[in-house]
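One structure is given below, encoded as structure tokens.
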């Protein structure tokens, strides 16, 4: 009798426990979240330098203190002039990393992308605000959202965020991660 009552109680609480796992718990003060927000702020050039601030050298100078990589200018040999160049790196955290990729052409960097699993995009937006950036909602679509990020004294950037999961029913285990893309000179 007692066993049946406990089993019944467990079955009643099971959906509540599953729902509690999906609830968002804010964590914008995690060091990795603050570090990611800092890279986004630093990647945007100061307003007075925006004409040349998107070059590979200036972007590298601003963010290489925080990201593990060496951004070097593209080598135009053996590829089309309009090819997109990609460099990869990561932001180190305590037992966790954020993947970072930088994209551009021969002259300028056009976008940085971030991949993270251990925090929510809402945490990143809160950390950007805490870093002094103005975060303005731009648009919300079925699979992604857009925000304009404007740090004080710096050029604005467009931050596109999305949550990406393996398809349900696929042979691979269900895995999800968040992505953010910072697009430069979008105006």
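Quick note: the coordinates plus some simple rules give every number you see, no bench work behind them. Everything numeric in this text was worked out from a predicted model, so none of it was measured. Cβ: placed from backbone, ideal geometry, glycine included. Neighbour counts: every protein chain shown.
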Which stretch or stretches of segment 141-182 have amide N atoms under 17 Å from the point lying 7 Å from residue 61's Cα along the Cα→Cβ direction?
154-155
How much length is gained if the chain between residue 117 and residue 183 is pulled fully straight, taking 0.36 nm per residue apart and subtracting their Cα-Cα distance, in nm to one decimal?
21.7 nm
Nearest-ten-degree value, helix 31-43 long axis tilted from longest Cα axis of the chain
30
In angstroms, what radius of gyration and Dmax does the chain have, counting Cα atoms only?
20.5, 79
For a label point 7 angstrom out from the Cα of residue 90 toward its Cβ, which stretches of segment 62-77 have the backbone nitrogen within less than 12 Å?
68-69
Counting each DSSP H run of 4 or more residues in the chain as -39500 (n - 2.57), what helix-only mean residue ellipticity at 222 nm follows after dividing by all residues, to the nearest 500 deg cm²/dmol?
-9000 deg cm²/dmol
In a GNM of the chain with a 10 Å cut-off on Cα contacts, which of 131, 173, 43 has the highest mean-square fluctuation?
173
Give the distance, in whole Å, between the Cα centre of segment 81-108 and the Cα centre of segment 38-62.
14
Please determine, in degrees from 0 to 90 and to the nearest 10, the orientation of helix 2-22 with respect to the longest principal axis defined by the Cα atoms of the chain, where the helix direction is its Cα long axis.
10
So, by mean Cβ neighbours within 10 angstrom, what's the order for 44-53, 76-85, 97-106 with the highest one leading?
97-106, 44-53, 76-85
Ranking request for peptides 136-147, 117-128, 174-185: highest mean number of other beta-carbon atoms within 10 Å first, then the rest in descending order.
117-128, 174-185, 136-147
